[in-house]
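Chemist: Quick one: this structure, given as C-alpha cells, is what I'll be asking you about.
Values quoted throughout were computed directly from the atomic coordinates according to the rules given, and no laboratory measurement underlies them. Predicted model, so just to flag it, every value in this text is computed and none were measured. Counting neighbours? That spans all protein chains shown, and the Cβs are built from the backbone with ideal geometry, glycine included.
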Amino acid sequence: MRRSRWTRWVATPALVANLAALAALGFVIAATADSSVCGRHYVAGGDDVPFGNEVDTSQNFPSHLISDHLATYGYCVYNLAQNGTTSSTYISGGQLATTWNRAADLITLTVGEQNSPIVDLIDSCYQKIKDNDFTGALSCALSAYSNSGAYTSLTSNLTYTLQQYRVIMAGRPKLVVAVTGYPNPYPAASDATADVPQLCVPLIDTIPTCTARWLQLPLALTAIDQTFQKLNTTIQNAVKPFAIGSGGRMVFVDTYTKIRSHCMQMDVSIKTTVEHPEEDGAVHEHDSQKDFGCSSPWFVKQSDVNTTPDYLDPAAIGVLTKESQTVSGMGIHLNEDGHTCVSNLIWEAPMIDGTPLKWRLGVPEAPNSNICQ
C-alpha cells in the first residue's frame, strides 16, 4: 500500500534543488512547457483507481492527465484519492472538503466500486474465481447485484457530492467535472464458454469432470458483468441531471466499453497423471493449457495461483493419481496502459453538446477518437 499523496507545481529555486528528494517522497511534479507557475488546478478524488493501486505514482491516470495533456496548459494535480474510499467516506473522510479549498479548474471523481457489497466483485468474488469455486462466485455476484440499498445509497452520496460541486461552480464558472465509471477486469462469458472445450478435451480421462466444473465459469462471469454494468448505470444516471443543469460542464466518462477487450489474463494450466488398471497398470499423463483472458491485458498481473484441482476426481477411465493446476496473470487493478486509456477517455469525453471535455478547458485541439486501441 502506498500512502496518499498530492502534488503541486511551484516554481521556486527550492523546488529545483530538492526535486530528487520530493520524488523519493512519492510526489508527482507536473512540469509545464511555458508557465513558471501553476496557474490551473486539477483535483483528482476517489478510490483505488485514481490512487493507482499496484502501479507507481507516475503511472496512475491523474498523473497521465497531467503529463500527457494538462501540463502544457499550466496545470498541476492534487491527487486526494485513497485506497478503499467509498462514496460515503469521500464525503466524510476529507476529500470533498479539501476539494473545496483547491480552487479547482478540473475535478475527476471515481467512487462506488468500494461500496459494500459492490466491492465483493473485486474481493470475495474474485477470490472464489481463483479458488475454482465458480458457483460461489455466481452467488457472490448475484448478492452484489440484488442489493438495491447499495445502489440507492450510492445515488444519494453522488447526488450530494455533485450538488457540492455545483456550488463550487457558482464561484468558478469555468470548472469542469468528470465522473468516471469502472472497467470490468474479468474475461467475457462468451469467450470463456468457447474456451472450456479447449481446456478440457486434452485431459482425456478427466474430460467430464473438467467440463462440468469449468462450464460454471461463464455463468459467474455473466453475473459479474451485469453487476459492473449496473454500477456504471447507477453512476451515469446520478450524473445526468447535473450534466444538463450545470451549463454542460459535468460529464460521465465511460471506462467500461473501451477497456472491455483488455481484460485480465487468466492462463490456466492443468496437469494430470492417471493409472489404468485395465491396461495392466499403464500410466498416462495428460496436460492442458488455455488462456481464458484477453490477449492484451490492461490489468496488473498478480502472483500465480497454484491449486490441486480435486474437482477432476474421479477420472472417467482409470485412477487419477496426481493433479495440479496453475492460473497465471489474473489481476483486478489497472496497469499503466489502462490508466493511460482512462486519462485519454477523460480528455476526449463527449460533453452534453457532443464536444470533447478538453474544449471546455479551453484547449484548442481537434477531437481524437483513435484512443484506447
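Chemist: Tell me which residues, restricted to segment 131-183, are of a type in the set (Ser, Thr, Tyr), touching a Pro at 6+ places or on another chain (Cβ under 7 Å) and closer than 30 Å to residue 351 by Cα.
Modeler: The first filter runs over segment 131-183 and keeps only residues of a type in the set (Ser, Thr, Tyr), leaving 135, 139, 143, 145-146, 148, 151-153, 155-156, 159-161, 165, 180, 182.
Among the residues that remain, those that are also touching a Pro at 6+ places or on another chain (Cβ under 7 Å) are: 143.
Listed by number, the list is empty, since nothing qualifies.
Chemist: I've got another one for you. Give the residue that is nearest to residue 52 (Cα to Cα), with candidates limited to residues of segment 271-284 that are of a type outside the set (Lys, Arg) and under 39 Å from the mean Cα position of the chain (by Cα).
Modeler: Among them, the one singled out is 272.
Chemist: Does residue 281 satisfy the condition of being at positive phi and exposed (fewer than 13 other Cβ atoms within 10 Å of the Cβ)?
Modeler: So residue 281 fits the description; yes.
Chemist: Being of a type in the set (Asp, Glu) and within 21 Å of residue 70 (Cα to Cα) is the filter; apply it to segment 322-352 and report the residue that is surrounded by the fewest Cβ atoms within 10 Å (Cβ to Cβ).
Modeler: 337
Chemist: Could you tell me which of the residues 151, 160 is touching a residue at least 24 places away in the same chain (Cβ under 8 Å) and closer than 25 Å to residue 101 by Cβ?
Modeler: 160
Chemist: Out of curiosity, is residue 274 among the aliphatic types (A, V, I, L, M), surrounded by 16 or more Cβ atoms within 10 Å (Cβ to Cβ) and within 17 Å of residue 132 (Cα to Cα)?
Modeler: Spelling it out, it is not the case that residue 274 is among the aliphatic types (A, V, I, L, M), surrounded by 16 or more Cβ atoms within 10 Å (Cβ to Cβ) and within 17 Å of residue 132 (Cα to Cα).
Chemist: Determine whether residue 210 is within 12 Å of residue 184 (Cβ to Cβ) and buried (at least 20 other Cβ atoms within 10 Å of the Cβ).
Modeler: Answer is no for this residue.
Chemist: Residue 194 passes all but one of (1) farther than 30 Å from residue 218 by Cα; (2) of a type in the set (Gly, Ala, Ser); (3) free of Cβ contacts under 8 Å to residues at least 24 places away in the same chain; which number fails?
Modeler: (1)
Chemist: In segment 230-257, what residues are without any contact (Cβ under 8 Å) to a residue 40 or more places away in the chain and either farther than 24 Å from residue 356 by Cα or of a type in the set (S, T, N, Q) (or both)? Write out each step before concluding.
Modeler: Here is the first cut: in segment 230-257, the residues without any contact (Cβ under 8 Å) to a residue 40 or more places away in the chain are 233, 240-241, 257.
233, 257, listed by residue number.
Chemist: If I ask for residues that are on the phi > 0 side of the Ramachandran plot and either touching a Leu at 6+ places or on another chain (Cβ under 7 Å) or hydrophobic (A, V, I, L, M, F, W, C) (or both), which ones from segment 203-252 would you list?
Modeler: Answer for segment 203-252, where residues must be on the phi > 0 side of the Ramachandran plot and either touching a Leu at 6+ places or on another chain (Cβ under 7 Å) or hydrophobic (A, V, I, L, M, F, W, C) (or both): just 204.
Chemist: Of the residues in segment 258-301, how many are more than 30 Å from residue 349 (Cα to Cα), in contact (Cβ under 8 Å) with a residue 40 or more places away in the chain and part of a loop (DSSP other than H, G, I, E, B)?
Modeler: Residues meeting the conditions: 2.
Chemist: What about residue 225, is it surrounded by 17 or more Cβ atoms within 10 Å (Cβ to Cβ), of a type outside the set (S, T, N, Q) and under 15 Å from the mean Cα position of the chain (by Cα)?
Modeler: yes
Chemist: For the list (1) more than 22 Å from residue 252 (Cβ to Cβ); (2) in contact (Cβ under 8 Å) with a residue 12 or more places away in the chain; (3) in a helix (DSSP H, G or I); (4) not acidic (Asp, Glu), I need the number of the one condition that residue 139 fails.
Modeler: Looking at each condition in turn, residue 139 falls short on (2).
Chemist: Restricting the search to segment 65-95, which residues are in a helix (DSSP H, G or I), in contact with a Cys (Cβ under 9 Å, 6 or more places away or on another chain) and either over 20 Å from residue 169 (Cβ atoms) or among the charged types (D, E, K, R) (or both)?
Modeler: Matches in segment 65-95: 66 only.
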